[in-house]
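Enquirer: Please find one structure pasted underneath; my questions will follow.
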Amino acid sequence: MLNLTDYFSKAYVLNLDICPERWEAFQLRAEKAGVTGFERYRAIEGDKSPHPHWWRAGNGSWGCLMTHLRLAQDALMDGLESYLVFEDDACFSPNFAGRLPKVMREVQSLKKGWDMLYLGGQHLYKETSPPWNYAGTKHLLRCNNVNRTHAMAVNARFMVKFAQHIIHAPDYIGAEDDLHIDHQLGEIHRSIVTLASEPWLCGQAGGPSNVNGQDKPEEWWNDTGRGEDL
């Protein structure tokens, strides 16, 4: 079994109290993938703790934002060196347990360190700002803008800025469109060391979304549109 705490101080799975079946399903997927070392983290239900008037993206996305904010704050209070967070619809690649150690060896070898690491996601603006192979690594991309929050890690040196950035209200108030946490994070990725596994180690399982309630298929977003090493 691969123990995630061999690579991160903590590994959390965000799960709403009203969705115990999603927690059970995640545990089954993890067991099948040979993954251990994670714990459930109680997610905030936006309908019970609704958004302020300036938030335009709905209670589901507000609960998601507040959960990630509280988790970052807890990590800061606990003095964690890093944490990995899965949303409970994350699913694993067939070779996850074999590939993660290779990815993490490269991450740990980087002289400039790292701020965020995505094990799953969606590269945005690939046509104009694609990710690129980073620092001679075989399993990592350096990223300009990653969407989705179902499988990502935050390093200690970025935790304060992470918490401040995702709750910076003027960005949401002044936006032309409704912003979610992943859109807000995308705006800062270019200016920090944002890494991604290549190809993705995690996708999103199919089923209803906790954010918008829509039923969706399993998604992996493996097309990177990768650029040159800059």
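Enquirer: What shape does segment 127-214 have by the C-alpha gyration tensor, where a ≥ b ≥ c are the square roots of the eigenvalues, rounded means a/c under 1.5, and otherwise prolate means a/b greater than b/c and oblate the rest?
Expert: oblate
Enquirer: Measuring with a 1.4 Å probe in the full set of protein chains, what accessible area per residue, in whole Å², belongs to segment 1-152?
Expert: Using a 1.4 Å probe on heavy atoms only, each residue of segment 1-152 averages 45 Å².
Enquirer: Given a 1.4 angstrom probe, I'd like the percentage of the accessible area of the chain that is carbon and sulfur, rounded to a whole number.
Expert: Answer for the chain is 48 percent, counting heavy atoms of protein chains only.
Enquirer: How large are Rg and Dmax for the chain when only the alpha carbon atoms are used, in Å?
Expert: 16.7, 48
Enquirer: Could you list which residues have their amide H under 5 Å from that of residue 132, counting only those 5 or more apart in sequence or on another chain, with H placed in the peptide plane?
Expert: So residue 132 has HN proximity to 142, 227.
Enquirer: What full-extension length gain, to one decimal in nm, is calculated for residue 95 and residue 209 as 0.36 nm per residue of separation minus the Cα-Cα distance?
Expert: Gain on stretching residue 95 to residue 209: 38.5 nm.
Enquirer: Something else now. Taking N as the number of residues in segment 8-61, what value does Rg over Cα atoms divided by 2.2 N^0.38 Å take?
Expert: The reported ratio for this selection is 1.43.
Enquirer: Considering only C-alpha atoms, what is the centroid distance from segment 77-124 to segment 35-53, in Å?
Expert: Here the two parts' Cα centres lie 20 Å apart.
Enquirer: Quick one: which residues, 5+ away or cross-chain, put their amide H under 5 Å from the amide H of residue 203? H built at 1.01 Å from N.
Expert: 91, 92, 93
Enquirer: Here is a further query. Hey, what number do you get for the chain at 222 nm if only DSSP H runs of n ≥ 4 count, each worth -39500 (n - 2.57), divided across all residues, to the nearest 500?
Expert: The per-residue figure over the chain is -9500 deg cm²/dmol.
Enquirer: Just to confirm the filter: which GluC sites (Glu not before Pro) across segment 25-134 are DSSP coil and have at most 15 other Cβ within 10 angstrom of their Cβ?
Expert: Counting only loop positions with at most 15 other Cβ atoms within 10 Å, the GluC sites (Glu not before Pro) in segment 25-134 are 81, 127.
Enquirer: Rounded, prolate or oblate, given the Cα gyration tensor of segment 18-113, with a/c below 1.5 counting as rounded?
Expert: Note, shape of segment 18-113 comes out oblate.
Enquirer: Which of rounded, prolate or oblate describes segment 108-175 when judged by the alpha-carbon gyration tensor and an a/c cut-off of 1.5?
Expert: oblate
Enquirer: In the chain, if the dipole is taken from +1 on Lys/Arg beta carbons and -1 on Asp/Glu beta carbons about the Cα centre, which of 200, 66, 43 is farthest to the positive end?
Expert: So the residue furthest toward the plus end is 200.
Enquirer: Now for a different question. Count neighbours as other Cβ atoms within 10 Å of each site's Cβ, and list the trypsin sites (Lys or Arg not before Pro) in segment 7-72 that are DSSP loop with at most 11 such neighbours.
Expert: Sparse-neighbourhood loop trypsin sites (Lys or Arg not before Pro): 48.
Enquirer: Hey, rough spin-label estimate for residue 135 and residue 48, points 7 angstrom out along Cα→Cβ, what's it come to in nanometres?
Expert: 4.2 nm
The values are calculated or read from the model by the stated rules, or taken from the named source; none is laboratory data. Fair warning: this is a prediction, and the values are worked out from it, not measured in the lab. All Cβ positions, even for glycine, are placed from backbone atoms using ideal geometry, and neighbour counts span all protein chains on display. Accessible surface is based on the protein model in full, side chains and every heavy atom, while ligands, DNA and RNA are left aside. Shrake-Rupley method; radii C 1.70, N 1.55, O 1.52, S 1.80 Å.
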